[in-house]
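**Q** Let me begin by handing over the structure; questions about it come next.
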Amino acid sequence: MTKLRLAIVGAGPAGIYAADILLKAERKFDVSIDLFDHLPAPYGLVRYGVAPDHPRIKGIIGALRDVLDSGRIRLFGNVHYGRDITLDDLKNHYNAVIFATGAVRDAGMAVPGIDLEGSYGAAEFVSWYDGHPDVPRDWPLRHREVAVIGNGNVALDVARILAKPADDLLVTEIPENVYSGLMQSPVTDVHVFGRRGPAQVKFTPLELRELGELNDVDMVVHDEDFEPDEASRLAIETNKQIFVLNKVLNSWRTRPRTGASRRLHLHFWAKPLEIVDDGTGSVGAFRYERTRPDGQGGVEGTGEIREVPVQAVYRAIGYFGSPLDEIPFDRRRGVIPNREGQVLDDDDQLVHGVYATGWIKRGPVGLIGHTKSDAMETVRNLANDQANWWIPSSADEQSVIELLDSRGVEYTDLGGWHRLDQHELGLGAPAGRGRVKVVDRDEMVTVSRAGDVAVADGADGPDRAERVGSIALT
Ligand code: NAP
């Protein structure tokens, strides 16, 4: 029986779902999958993007772990595609590669003042509070008034973490440096700005409701923002999610303030114009133009300019993908150009053997679960494209290990992840916390590689397709 030797680059949900779907699929070939990630630990944005106080979403890790632990996938963490392993290496060792590298950078924003001291991308801050090993340990939390631009769930995450009392985060896995940084924060007012209205927000009801439940935080909304036009009224009447969001927002209009030490202000109809310099090269204010509905779900400027004094601005206007060595990249959209997961070159021709899934395929929208249908499409095309797979010169499973060893790559494997996982659970236990994350990359690698670096042998694993039933790809 033919065997598909598949490399997947990116061990987040997108990569793991793709592996799982392929393993469960009805197919006429055997499969052996190696999963690479530049980070020493798996799970991508679930570990480094989901907020620490969202254990329900973090719980997805349980399902992802089951897939990794099925014994059918080898994990190679701490391996940088393009440096430790190249496209030529992949062609020498595999029949195909799926890129599932996601979108982890902040989208750019073209307003004056965006580069001032105190102007940050939300993704950087999220990486910091989630203990990402590649961002600086310290975050400048020394501002009393802060703006967050955007009306998506990331904006709410950032606003919530900024406003929430640090002690209320102590039950979570936040690293010590994050706790002490948040503990010292003098913030009193967090202002969230949306360029459209309350009926056009992108965040979800659970996440919005959560803001109103924060200890020692008063919610502030403004009556002038709640005069729905015809399109908004229709959206509220016909869309259950918008109906609920609207109900929650309206409940805050009449809720008395409690004199809490922090306030979370929601401003709508506010199109960013400028981040204003305080005269020293730092953020001094956020300037915006008041907008109004244009009758088609969009907005137009009213010409009325307003300014709110703030000392820091976080833009949470979306993530953006990063280019990968020797792989086509759409610089405008921040994705790998593709047709249903099959990568396309500049002339729209298929690049044989190269596939994409997840946010790097379709852009940074949708919840984690949406990545599954995405992976299904990519895997179906990969499976049906057997005639165009690469023919590797070194297809045996040991040869890639020899390659990494010969280059001195300190890769981490599944056993290593289990060790790091146990270690982090152990760090949390004395304080009654579920886990405390290790942040330092070297420490992550050292803990992971502390035992024998033995990669799970796929051949010994139970046949997952037999255990969970198979799925049809066509
Ligand atoms: P998002 O949902 O696309 O929201 C982006 C927000 O930024 C929108 O309100 C958008 O406004 C605004 N925006 C974009 N460009 C702007 C500009 N130039 N000026 C002002 N505002 C601008 O993106 P996200 O918040 O990064 O989230 C990404 C995905 O991850 C979403 O699917 C989200 O639900 C998911 N996520 C989920 C959770 C959770 O479930 N708890 C947590 C985090 C992220 P317009 O609508 O007007 O374009």
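**Q** Could you tell me what percent of the accessible area of the stretch 90-178 is made up of carbon and sulfur, with a 1.4 Å probe and every protein chain present?
**A** Using a 1.4 Å probe with all protein chains present, the stretch 90-178 comes out at 51 percent carbon and sulfur.
**Q** Taking amide H positions as placed in the peptide plane 1.01 Å from N, state which residues far from His265 in sequence (5 or more) or on other chains have amide H under 5 Å from it.
**A** Amide H neighbours of His265: Val190, His191, Val192, Val220.
**Q** Moving on to the next point. In the stretch 14-79, carbon and sulfur make up what percent of the accessible area (probe 1.4 Å)?
**A** That fraction is 51 percent.
**Q** Among Val9, Tyr43, Leu23, whose Cα lies farthest out toward the positive end of the dipole of the stretch 1-47, if unit charges sit on the beta carbon of Lys, Arg (+1) and Asp, Glu (-1)?
**A** Farthest towards the positive end: Leu23.
**Q** Also, I was wondering about something else. Please report the projected area of the stretch 148-192's Cα convex hull averaged over all directions, in nm².
**A** Mean projected area for the stretch 148-192: 3.3 nm², to one decimal.
**Q** Heavy-atom accessible area per residue, the stretch 1-82, 1.4 Å probe: how many Å²?
**A** 27
**Q** Just how much of Met183 is accessible, in Å², when a 1.4 Å probe is used and the result is rounded to the nearest 10?
**A** Approximately 100 Å² for this residue.
**Q** So, one more: Within the set Lys372/Lys437; Lys271/Lys361; Lys202/Lys271; Lys58/Lys437, which residue pairs have Cα atoms separated by over 21 Å?
**A** Beyond 21 Å: Lys372/Lys437; Lys271/Lys361.
**Q** Same structure again: Along the Cα→Cβ direction, 7 angstrom out, place labels at Asp294 and Ser261. What is the inter-label distance in nm?
**A** Placing both labels 7 Å beyond Cα along the Cβ direction yields 4.5 nm.
**Q** Right, next: Taking only the alpha-carbon positions of the chain and ignoring solvent, what does the Debye formula give for the base-10 log of I(q)/I(0) at q = 0.10 Å⁻¹?
**A** Scattering profile of the chain, log10 relative to I(0): -0.81.
**Q** Per-residue counts of other Cβ atoms within 10 Å, averaged by peptide: what ranking do you get for 191-201, 237-247, highest first?
**A** Peptide ranking by packing, descending: 191-201, 237-247.
**Q** Once the Cα atoms of helix 370-383 and of the chain are each reduced to a long axis, what angle between those two axes, in degrees from 0 to 90 to the nearest 10, is obtained?
**A** Approximately 30 degrees, to the nearest 10.
**Q** Ok, one more. As I understand it, the value is the acute angle between the Cα axis of helix 153-163 and the longest principal axis of the Cα atoms of the chain; what does it come to in degrees, rounded to 10?
**A** 60
**Q** Kindly rank 359-372, 325-338, 116-129 from highest to lowest mean number of other beta carbons found within 10 Å of each residue.
**A** Descending packing order for the listed peptides: 116-129, 359-372, 325-338.
**Q** Suppose every K and R has +1 on its Cβ and every D and E has -1 on its Cβ; what is the size of the dipole of the chain about the Cα centre, in Debye to the nearest 20?
**A** 1200
**Q** OK, next. Would you mind getting the Kirkwood hydrodynamic radius of the stretch 1-146 from its Cα pairs, rounded to one decimal in Å?
**A** 17.3
**Q** Shifting gears a bit: In whole Å, how far is the Cα centre of the stretch 44-120 from that of the stretch 298-365?
**A** 15
**Q** If you don't mind, there's one more thing I want to ask. Which order do the peptides 159-168, 270-279 come out in when sorted by mean C-beta neighbours inside 10 angstrom, highest first?
**A** In descending order of packing, they fall as 159-168, 270-279.
**Q** Using a Förster distance of 51 angstrom, determine the FRET efficiency expected from the C-beta separation of Arg306 and Glu402, and round it to 0.05.
**A** About 0.20, to the nearest 0.05.
**Q** Additional query: Hey, what angle do you get for helix 414-428 against the long axis of the chain, alpha-carbon based, 0 to 90 degrees rounded to 10?
**A** With both axes taken from Cα atoms, the answer is about 40 degrees.
**Q** Under the rule a/c < 1.5 gives rounded, and otherwise a/b versus b/c splits prolate from oblate, where does the stretch 340-445 land using the Cα gyration tensor?
**A** The shape class here is oblate.
**Q** Once all Cα-Cα distances of the stretch 164-288 are split into 10 Å bins that start at 0, what whole-number percent is in each one?
**A** 11, 34, 33, 19, 3
**Q** Can you give me the Cα centroid spacing of the stretch 197-216 and the stretch 377-441 in angstrom?
**A** Centre-to-centre distance over Cα atoms comes out at 36 Å.
**Q** Per residue of the chain, what 222 nm ellipticity follows from adding -39500 (n - 2.57) for every DSSP H run with n ≥ 4, rounded to the nearest 500?
**A** -8500 deg cm²/dmol
**Q** Could I ask something else about it? Using the charge dipole of the chain (Lys, Arg: +1 at Cβ; Asp, Glu: -1 at Cβ; taken about the Cα centre), state which of Ala155, Trp390, Gly259 has its Cα farthest towards the positive end.
**A** Projecting each Cα onto the dipole axis, the largest value belongs to Gly259.
**Q** Next question, about the same structure. Probe radius 1.4 Å, ligands and nucleic acids ignored: give me the carbon and sulfur share of the accessible area of the stretch 243-382 as a rounded percent.
**A** 47
**Q** Shifting gears a bit: Within the chain, what percent of beta bridges assigned by DSSP are antiparallel, to the nearest 5?
**A** 35
**Q** Also: Pull up all non-local amide H partners of Tyr319: gap of 5 or more, or a different chain, and H-to-H distance under 5 Å with H placed in the peptide plane.
**A** Ala107
The values are calculated or read from the model by the stated rules, or taken from the named source; none is laboratory data. Keep in mind it's a predicted model, so treat the numbers as computed, not measured. Counting neighbours? That spans all protein chains shown, and the Cβs are built from the backbone with ideal geometry, glycine included. Keep in mind that these areas ignore ligands, DNA and RNA; they rest on the heavy atoms of the full protein, side chains included. Shrake-Rupley method; radii C 1.70, N 1.55, O 1.52, S 1.80 Å.
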